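The values are calculated or read from the model by the stated rules, or taken from the named source; none is laboratory data. Small disclaimer: the values here were computed from a predicted structure and weren't measured. Backbone-built Cβ (ideal geometry, glycine too); neighbour counts: all protein chains shown. Remember, those area values only see protein heavy atoms, side chains included, never the ligands or the DNA or RNA. Shrake-Rupley method; radii C 1.70, N 1.55, O 1.52, S 1.80 Å.
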Amino acid sequence: MITVSDFSAGLNTRMSPQALPVNAARELNNADVSRGYLKAVNNTDTANFLTALEAGHCGSASRSVVEWFGSHYWTDNDTPAYGGEDRTLGIPYPTMRPTLAAGIDTGDVFNGTYRYCITHLSDDGWESAPGESDDYYDEVDVSSKTTVELTAIPARPDGIDAIRIYRTAANGADFYLVDELSNDETTYTDEMDDVDLLLSTALSTLGWLPPADGGRYLTERDGVFFLAVGEKLYFSESGNPHAWQSLNWIGFDDTITAIGKEYQGLLVMTNNRVYRVTGTDADTIVKQEIPDRQGCPNWRTLATVGNTPIWMSNDGLCIWDGDKVSIVTKDRYDFEFTPIHATVANDSYYLWHSMGSLVLDHRSGDVLRELDLTCDYAWYDADNDALYLEGSDDIQEFGAGEPLLWTYRSPWLAGGSLTTLKRFRRLFVTSTCPVTLSLYTDGDLRFTREIPGSGRRQLRLPAGTMGRYAEVVISGSGTLREYTLDYDEGLNT
């Protein structure tokens, strides 16, 4: 007898079926085997909203989205372009500056050369740079005057709540805040002497420009934002998604194709290489190449289970454990599809394609299985513990429907010898549902039978069911606990 009551090895389409253990499967579709037995996965049901935005989700199949203190920012990696729920990355700096002139009244407040610049203050409190690093101020020479007059102050653009005026002390180089204008004033009279000026707030946003054009794969780690432009990895000022110094980048040997979080920092990938990047500022950010040449040609396949990045390289699905890269599908799965998108939910990695999804159950030892559900995009809502599938017409909640019809195909069941002829006599099946059972011997279909009811049932096989090995294919929509194949060995059986 051959009894199979443990299905926890999951799917393996790569190895020879004669080499597979009995707890593996050559086909495992729409079934969960994380508890050892085989159980139907539930179908989807229509979600109670029509669009992802209605559910508070800003993602899409082309975006890398970061949530930061209640705000969402993203890169559209196809275009490429920047976007945001309330505002996009970067506070636009002023492109025009006020006209400066000495005042009329004689006095001792102003006497020397003074530099002025202005910044934009957004309606949510973020401040821009005063301009490009080499062209952001104007200066005026004043001799014994009580005021400096600022005219033609530029209007505030959309999303900007105020304009801040900064100035140096006489013949100085450091800028301090003079005043903040929020009522579209076009003129301003500066009467602040240098003593009071030096007690004011110093300009801190010099060089805090919007990100470089063409950024992709936006990622945040420890308060620092990262994005890729060609072969460069740019990083923001810590704690500020809108402040990107033009020289804050590190270079790579090839075009960056994906960025993902990991245990201590980031994984940055090209087509064939993987790098670990750690640090939080220009003084500490460094890269280290990982010896395993398992890059990520398609950024859509990269998703993170906890701090564990999973992606598809040219050789298969890869996992980074903080020390090395492992190809978890190397001897287990033959890829015959083009990936569309990857999602993580409840410690499982879903790689969606046009025919369904390959599932890697990370919490159960990286067991593989398949689904025949399809979607254009999927995301996990942690607040509701729900996985949503977006198609062309609607959004479905995964697992909210009725049980799906699962299919299981066994390895070759030979009882230890592929050379010994056997007569297969009976099949015993224990399940909670009716099943359809097919038996193959030596690769040929011998019969297919509907087995009604539930519990343990016996099926007598037709006389002359002979072969050196058997395969069992079972489908149902409940739970399969066990099956047993009874046989006799020997040429004279």
Quiz prompt | Residue among 454, 410, 431 that is small (Gly, Ala, Ser) and open to solvent by 30 Å² or more (accessible area, probe 1.4 Å) | solution = 454
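Which is open to solvent by 10 Å² or more (accessible area, probe 1.4 Å), of a type in the set (Ser, Thr, Tyr) and either in contact (Cβ under 8 Å) with a residue 24 or more places away in the chain or farther than 21 Å from residue 245 by Cα (or both), of 166, 137, 114? Step through it out loud before you land on a result.
On the way: 166 fails: open to solvent by 10 Å² or more (accessible area, probe 1.4 Å); 114 fails: open to solvent by 10 Å² or more (accessible area, probe 1.4 Å).
Answer to the check: 137.
Can you tell me which residues in segment 30-47 are open to solvent by less than 20 Å² (accessible area, probe 1.4 Å), more than 10 Å from residue 405 (Cα to Cα) and either assigned to a strand (DSSP E or B) or of a type outside the set (A, V, I, L, M, F, W, C) (or both)? First the steps, then the outcome.
Pass one, segment 30-47, residues open to solvent by less than 20 Å² (accessible area, probe 1.4 Å): 30-31, 33, 36, 38, 40-41, 47.
From what is left, the residues that are more than 10 Å from residue 405 (Cα to Cα) are 33, 36, 38, 47.
Those that are open to solvent by less than 20 Å² (accessible area, probe 1.4 Å), more than 10 Å from residue 405 (Cα to Cα) and either assigned to a strand (DSSP E or B) or of a type outside the set (A, V, I, L, M, F, W, C) (or both): 36, 38.
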Quiz prompt | Matching residues, segment 181-194, being touching a residue at least 40 places away in the same chain (Cβ under 8 Å) and open to solvent by 80 Å² or more (accessible area, probe 1.4 Å) | solution = 191
Quiz prompt | Hits in segment 364-391 - residues which are of a type outside the set (D, E, K, R) and on the phi > 0 side of the Ramachandran plot | solution = 365
Quiz item: Here are some residues: 467, 416, 490. Which one is surrounded by fewer than 17 Cβ atoms within 10 Å (Cβ to Cβ) and in contact with a Ser or Thr (Cβ under 9 Å, 6 or more places away or on another chain)?
Solution: 490
Quiz item: What number of residues in segment 49-66 are at pLDDT below 95 and either at positive phi or assigned to a strand (DSSP E or B) (or both)?
Solution: 1
Practice problem: Considering only residues that are in contact with a strand residue (DSSP E or B) (Cβ under 7 Å, 6 or more places away or on another chain) and surrounded by fewer than 19 Cβ atoms within 10 Å (Cβ to Cβ), look in segment 1-21 and name the one that is nearest to residue 364 (Cα to Cα). | Solution: 8
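Filter segment 140-163 down to the residues that are of a type in the set (A, V, I, L, M, F, W, C) and either free of Cβ contacts under 8 Å to residues at least 40 places away in the same chain or open to solvent by 50 Å² or more (accessible area, probe 1.4 Å) (or both) and list them by number.
We begin by selecting, within segment 140-163, every residue of a type in the set (A, V, I, L, M, F, W, C); these are 140, 142, 148, 150, 152-153, 155, 160, 162-163.
Selection gives 152, 155.
In segment 195-211, is there at least one residue being over 20 Å from residue 244 (Cβ atoms), under 42 Å from the mean Cα position of the chain (by Cα), at pLDDT 95 or above and surrounded by fewer than 20 Cβ atoms within 10 Å (Cβ to Cβ)?
yes
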Practice problem: For segment 78-97, indicate whether the set of residues that are open to solvent by 20 Å² or more (accessible area, probe 1.4 Å), outside any loop (DSSP other than H, G, I, E, B), more than 30 Å from residue 384 (Cα to Cα) and basic (Lys, Arg) is non-empty. | Solution: no
Exercise. Being modelled with pLDDT of 95 or more and over 13 Å from residue 225 (Cα atoms) is the filter here, so list the residues in segment 263-276 that pass it.
Key: 267, 268, 269, 270, 271, 272, 273, 274, 275, 276
Quiz item: Taking residue 90 and the conditions (1) more than 17 Å from the chain's Cα centre (by Cα); (2) on the phi < 0 side of the Ramachandran plot, which numbered condition does it fall short on, given that it satisfies the others?
Solution: (2)
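Being buried (at least 18 other Cβ atoms within 10 Å of the Cβ) and over 17 Å from residue 227 (Cα atoms) is the requirement here; does residue 61 meet it?
Details: buried (at least 18 other Cβ atoms within 10 Å of the Cβ): no; over 17 Å from residue 227 (Cα atoms): yes.
So residue 61 does not fit the description; no.
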Quiz item: Any idea which residue in segment 342-384 is most open to solvent (accessible area, probe 1.4 Å), counting only those that are part of a loop (DSSP other than H, G, I, E, B), over 15 Å from residue 28 (Cα atoms) and not polar (S, T, N, Q)?
Solution: 383
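Considering segment 231-254 alone, what residues qualify as being under 19 Å from the mean Cα position of the chain (by Cα) and either surrounded by fewer than 23 Cβ atoms within 10 Å (Cβ to Cβ) or closer than 18 Å to residue 300 by Cβ (or both)? Can you show your working first?
The first filter runs over segment 231-254 and keeps only residues under 19 Å from the mean Cα position of the chain (by Cα), leaving 233-235, 241.
Matches in segment 231-254: 234 only.
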